[in-house]
1. Take the chain, mark every one of the GluC sites (Glu not before Pro) that falls in a DSSP loop and has at most 15 other Cβ within 10 Å, then report the longest stretch left between them, sites excluded.
2. Sorted from largest down, what three extents in whole angstroms do the Cα atoms of segment 10-134 have along their principal axes?
3. Check the straight Cα-Cα distances from Lys244 and name the lysines below 17 Å, setting aside those fewer than 8 residues away within the same chain.
4. For the chain, compute the orientation-averaged projected area of the C-alpha convex hull (one quarter of its surface), in nm².
5. In cubic angstrom, how much convex hull volume per residue do the alpha carbon atoms of segment 136-196 span?
6. When the Cα centres of segment 1-72 and segment 229-276 are compared, how far apart do they sit, in Å?
7. Gaussian network model of the chain, Cα springs within a sub-10 Å range: biggest mean-square fluctuation belongs to which of Arg89, Arg11, Arg26?
8. Once you have all Cα-Cα distances for segment 174-260, histogram them in 10 Å bins from zero and send the whole-percent values.
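Derivation of every value follows stated rules applied to the coordinates shown; laboratory data play no part. These numbers were taken from a predicted model, which means no experiment stands behind them. Neighbour counts are summed over all protein chains in view; Cβ atoms, including those assigned to glycine, are modelled from backbone coordinates with ideal geometry.
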Amino acid sequence: MEFREATPQERMRYYHEEWDPSDVPRFITDSIEEREFAFDHNGQGYNDRYNAFHNVHELETKMKTLNPYAVCASTAYYERPQQREGWTRAELVFDIDAKDQPVRSCDCEPGSICETCLEEGKELALTIMDTLRDDFAIRDMYMAYSGRGYHIHVLDENVLPLENRSAILEYVMGAVMPTDFQMMGGYARTWRRMLAVIISKMDEKDLSFLTSPVATSVIEHRPTILRNLEARKADFLNVPGVGKTSRDKFLERCMELNGQTVDGKVTIDTKRILRLPSTLHSKISMICMLVDDPETFDPLSKAVPRFVEER
């Protein structure tokens, strides 16, 4: 599929013929009076900020008047959203952008996306959600397709008031070596899970920091490494040609890459704006939307506006 920019006429058609205010997620409409909304009118950025609405009807009126290029809603809740004042709480969010992944198994050029990297982005989102459920007992969370990746919105009442979120980010992304990575659960399991995600996608260019023979050995013996990792073996990197120095460099680089698979600034920022599900990502003509069934969701069949199908 060709990801092409929507014309002003196509945007108008989408917002007048396809966009439905009932597609705005309930967790946003239920708190609409506490959120700031931002509009990009022409692809030059979100210059129209500090918008506040009392109800979905007011939002609908503005959408069908502007036919915006892009729309964002704040992850923060404010007493006075039209001034961004009186912060009370904020969603914990994870932003996975398929085009910015540090390791991809496809051949996309930097800044581009394809079906493969979108699927890998979804798998990463599901992995993060598993960690949030298993290790933090979080149930109140949602996945949204953002056009070029996925957003995870966490609305757990114990998390919303937190202002310092860097420790959660570090934990979920497996960015620090555990003291005992052989433990059955907890951070050790999360670390192994994230390490396996990175290793499974690596090729020679991703291992250029190692000598060529070592990199070749890692690729050749990858299935063994992944099996050993899943089995919690202490010597999971014990394959031909990989000594202690190479192993330490490899693990350090993997953890660095783990931390780059999401935009960490978005997670720790408690006053962020994110694309509003149901709206158009005009840069690539895709619909940002809440994902009801993450396991089966396919953006190339679910998130394509009618005007694209008729091009």
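1. Result for the longest clean stretch: 6-156.
2. Computed over the Cα atoms, the extents are 45, 40, 26 Å.
3. Partners found: Lys233.
4. Details: hull surface 66.0 nm².
The orientation-averaged projected area of the Cα hull of the chain comes to 16.5 nm².
5. That works out to 117 Å³ per residue.
6. 36
7. Ranking Arg89, Arg11, Arg26 by mean-square fluctuation puts Arg26 first.
8. 18, 57, 24, 1
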